[in-house]
Amino acid sequence: MQAILNADLHCHSVVSDGTLTPETLAARAHANGVALWALTDHDEIGGQQRALAAAQALGMKYLTGVEISVTFAGQTVHIVGLGFDADDARLRQGLVDTRGGRGQRAQEMAEGLAQVGIRGAYEGALRYAGNPELISRTHFARFLVETGVCRDTPEVFRKYLTEGKPGFVPHRWATLHDAVHWITEAGGQAVIAHPARYDFTPNEEYALFTEFKAHGGRGVEVVTGSHSAQEAVKYAVTAQEFGLAASRGSDFHSPDESHTDLGALPWLPGELTPVWELLADRIQ
Ligand code: AMP
Ligand code: MN
Ligand code: MN
Ligand code: MN
């Protein structure tokens, strides 16, 4: 496996908060020249078999994937898992538990929105959720755009769904320890998703990377649709400092919302170890 490979190891389907099916995503990835693909739905691996079957039918290499929600130092951090055994019982139960609070959280989000005059948001968001177990802020955002409350999803997040705003409900997700262990003990590799998107102090970020490594984490996303070119350079340096392999993924959710299409990313910097080198025997 070479460093220059059109690998896209981060995207979402209707099984979480994407708008396309696993099959449509596979076809789109293949059409865009992706050679190694992973579907990484939030807290859910219900789309893995469909994604693998669709990739194999197209002659595209596949790694199992998931993006686990974690609470670390009071913030939500996303840990991508790649190349795990999707039948692993502990991983599956961990994901069930992580998804568990989403329904209640969504009801509380709707109550917060009702207090500022936005009615019916729970039912509205649920209509956009392809998987009722996986109702997310993205589904609320789509409802608020559709009903004309906001122009686009970034505006919804800014005004309603981030800390201190009426639809924001603090939530405790999985621990960093558990997420990394579920993934690695199922034979996969854990990867810190889009590190530039967190609001950590330098000390907190150092703690995140140090503890992640101590738990057995081996990778970090360097080239992602969620990073600017400068942020990719910064985390290429961080990957080398911490001795982590680098991952590459669009974080594609929807043709209407995502500015980075599947596979449409810069190459990983040549001096880094691609995470797929650690996963050569897990590629299907
Ligand atoms: P949740 O897991 O319910 O907290 O939802 C998190 C999801 O919301 C992320 O995976 C993104 O898809 C989306 N999201 C978070 N922040 C923003 C933002 N500022 N603009 C658009 N989408 C966002
Ligand atoms: Mn998402
Ligand atoms: Mn994420
Ligand atoms: Mn994502």
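Things worth noting here:
- The residues on offer are 251, 256, and the sole one that is in the same structural domain as residue 28 (by TED's automatic domain parsing), touching a Ser or Thr at 6+ places or on another chain (Cβ under 9 Å) and surrounded by fewer than 17 Cβ atoms within 10 Å (Cβ to Cβ) is 256.
- Checked against the criteria, residue 243 does not count as modelled with pLDDT under 95 and assigned by TED's automatic domain parsing to the domain that holds residue 14.
- Meets criteria (more than 16 Å from ligand 3 (Cβ to nearest atom), modelled with pLDDT of 95 or more and surrounded by fewer than 18 Cβ atoms within 10 Å (Cβ to Cβ)) for residue 154: no
- Elements of type helices (runs of 4 or more DSSP H) contained in segment 1-115, each with 1 or more residues being within 15 Å of ligand 4 (Cβ to nearest atom): 22-31, 48-58, 89-100
- Meets criteria (surrounded by fewer than 21 Cβ atoms within 10 Å (Cβ to Cβ) and of a type in the set (Gly, Ala, Ser)) for residue 59: yes
- Among the residues of segment 148-167, those identified as part of a loop (DSSP other than H, G, I, E, B) and either of a type in the set (Gly, Ala, Ser) or within 13 Å of residue 117 (Cβ to Cβ) (or both) are 148, 149, 164, 166, 167.
- Residues of segment 226-270 that are part of a loop (DSSP other than H, G, I, E, B), over 21 Å from residue 213 (Cβ atoms) and free of Cβ contacts under 8 Å to residues at least 60 places away in the same chain: 226, 228, 258, 259, 260, 266.
- Pair list, Cβ < 6 Å and 6+ apart or interchain, from segment 145-170 residues that are farther than 16 Å from residue 109 by Cα to residues that are more than 11 Å from ligand 1 (Cβ to nearest atom): 150/144
- Single residue of 224, 201, 184 found to be away from ligand 4 (no atom under 16 Å from the Cβ) and farther than 25 Å from residue 90 by Cα: 201
The values are calculated or read from the model by the stated rules, or taken from the named source; none is laboratory data. Being a predicted model, the structure only gives us computed values, none of them experimental. Every residue, glycine as well, gets a Cβ built from its backbone with ideal geometry; the counts of neighbours run over all protein chains shown.
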